[in-house]
1. Å³ per residue of the Cα convex hull, for the chain?
2. Given the DSSP H assignment, sum -39500 (n - 2.57) over each helix run of at least 4 residues in the chain and divide by its residue total; what's the result at 222 nm in deg cm²/dmol, nearest 500?
3. Could you tell me the convex hull volume per residue, in Å³, taken over the Cα atoms of segment 49-180?
4. Among Phe170, Leu131, Ser184, whose Cα projects farthest towards the positive end of the dipole of segment 117-259, with charges put on the beta-carbon of Lys, Arg (+1) and Asp, Glu (-1)?
5. Counting C-alpha atoms alone, how compact is segment 117-259: give Rg to one decimal and Dmax as a whole number, in angstrom.
6. When you count, for each residue, the other Cβ atoms within 10 Å and take the mean per peptide, how do 17-25, 39-47 rank with the highest first?
7. Taking Cα centroids, how far is segment 301-362 from segment 178-201 in Å?
8. When only Cα pairs under 8 Å and 6 or more residues apart are kept, what is the percent relative contact order across the chain?
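Every read-out reported here was derived from the displayed coordinates using simple, explicitly stated rules and does not represent laboratory data. Keep in mind it's a predicted model, so treat the numbers as computed, not measured. So basically every Cβ, Gly included, is an ideal-geometry build from the backbone, and we count neighbours across all protein chains shown.
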Amino acid sequence: MTQDFTIAVFPGDGIGPEIMAPTLKVLEKLQSGTTDYSLTFREAHAGAAHYQKTGESLPEESMEIAKTSDAILLSAMGLPEVRYPDGTEIAPQIELRMAFDLYAGVRPVTVRDSKYCPIIRPNGETIDFVLIRESTEGLFHSMGSGEVTCNEARETLQITRKTSEKLFDFSFKLAAQRKKAGQSTGTVTCVDKANVFRAFAFFRSIFDETSEKFPDIDTNYAYVDAMALWMVQRPWAFDVLVTENMFGDILSDLGAGLMGGLGLAPSADIGDTHAVFQPCHGSAPDIAGQGIANPFAMILSAGMMLEWLGHLNGIQQMIDDAGALKDAVNSVLAEGSIVTRDLGGTANTDEAAAAVLKLLEK
């Protein structure tokens with residue numbers, strides 16, 4: 001029996017619509033080859049361009065579409081020159097994150113046969129780890145409400161037991177899932193600054209408490225500055241890393257650099273009942289409309305969506321299709337002749353996406 005899923009689609013700003021269109025074609029191709037699942041796309045308007053036209057960045061109608069859908073596929077959002085009256089940028093993705101309590105920011109870092117990794121990998125080691133970034137509190141907790149005077153500015157870091165327990169539980173379950181699939185040996189590393197801040201000592205203590213529920217998963221610890229060093233020196237040594245919001249924001253870009261750039265970096269923000277899947281990069285208004293943007297991060301984010309839905313609903317075909325999609329992108333990168341300008345190639349957006357589609361057809 002076919003199980004149908006409704007997907008809220010936010011085309012986004014700048015290059016957003018240009019990378020979303022071929023991504024939907026990839027998803028349509030995958031679902032056409034199975035009777036196990038089907039996807040129904042519902043477009044939702046939001047973002048800086050929509051705010052510029054209407055005065056609303058995330059209309060109630062779009063929020064309702066997101067709320068009632070099985071997953072949310074969101075393209076690049078925001079335009080640097082379009083801002084709220086207080087000077088902050090338009091960021092509906094953060095509004096969705098807060099509205100649905102999407103506490104687990106999932107940032108996979110994978111390098112297999114790709115030639116775009118900037119570091120030397122002895123013996124061609126595979127890099128395959130996942131950074132889990134807490135996405136609703138931490139140093140971002142006071143976003144927009146920090147105290148500023150002529151002499152000083154303050155922002156408040158918040159770490160709560162409730163959110164940390166859910167975050168660590170998610171991280172250990174992911175490590176167990178990866179171990180069962182043969183992707184890793186099953187290790188979760190807590191990345192913090194517990195040697196300096198009481199808040200992070202508290203964070204680490206909750207990590208330890210949670211780890212007791214997962215005796216088959218190994219644990220490790222790293223201070224965030226040391227982890228930044230080790231991610232460059234030996235990134236193949238890690239499995240699941242879990243950290244606070246700001247630390248995760250910084251380290252996830254470092255992870256994208258290991259893969260070859262933000263154009264290859266997918267992501268997800270996951271909560272108890274909703275999840276958003278989007279590329280890590282921005283809307284790149286300087287190249288919007290030229291058809292030259294890299295679609296791979298958007299396509300890989302769609303693959304993450306299939307995998308999440310597959311595990312959540314017990315549909316192996318969705319998990320298999322997600323794997324096939326990742327393998328297809330990896331093969332295109334390994335071959336290297338059909339890549340976009342950010343990777344040193346000459347392919348346009350549609351040509352790069354078509355190369356992935358061609359492999360999926362085989």
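1. Taking the convex hull of the Cα positions in the chain, it is 146 Å³ per residue.
2. Helices in the chain give a 222 nm mean residue ellipticity of -13500 deg cm²/dmol.
3. In segment 49-180, the Cα convex hull volume per residue is 207 Å³.
4. The residue sitting most towards the positive pole is Ser184.
5. 16.2, 56
6. Put in order of decreasing packing, that is 17-25, 39-47.
7. With segment 301-362 and segment 178-201 each reduced to a Cα centre, they are spaced 28 Å.
8. 21 percent
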